[in-house]
Amino acid sequence: DLNWAGWTKKLTGKPVITVGSVSLTIDFVDSFRGVREQPSGQGNGSGTKAHISRLCEMLARGDFDLVAVGRALLADPQWAAKIRDGRFDELRPYTQEALASLA
């Protein structure tokens, strides 16, 4: 059940960073199409708390060394503090409007 970063670390022994759709409630491409959310059970973001918990488990067992976060921080600058404190219910999901607000 390793991701790309996990396999890279396992095969090379080098430090790695995992990246990609961390904490998103919609697929990356759909975010640019204006899609708001996917039906329950589909995509990376369904069950944000479960997704983050799984990510934390993989980090704790040493699958990767760091987690890169981008879009989640655009929508919620306090994302890292909320994750650290276990305040998953307070996370604001990434939306296309969050990206537009940077202009």
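Quick grid of which residues meet (1) assigned to a loop (DSSP other than H, G, I, E, B); (2) under 23 Å from residue 90 (Cα atoms); (3) touching a helix residue (DSSP H, G or I) at 6+ places or on another chain (Cβ under 7 Å); (4) at pLDDT 90 or above:
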{"residue": "10", "(1), (2), (3), (4)": "no, no, no, yes"}
{"residue": "41", "(1), (2), (3), (4)": "yes, yes, no, no"}
{"residue": "45", "(1), (2), (3), (4)": "yes, yes, yes, no"}
{"residue": "50", "(1), (2), (3), (4)": "no, yes, no, no"}
{"residue": "54", "(1), (2), (3), (4)": "no, yes, no, no"}
Please indicate, with yes or no, whether at least one residue in region 25-34 is over 22 Å from residue 102 (Cβ atoms), of a type in the set (Lys, Arg) and either assigned to a helix (DSSP H, G or I) or at pLDDT 80 or above (or both).
-> no
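The values are calculated or read from the model by the stated rules, or taken from the named source; none is laboratory data. Note that this is a predicted model, so its numbers are computed, not measured. Note that we place each Cβ from the backbone using ideal geometry, even for glycine, and neighbour counts take in every protein chain shown.
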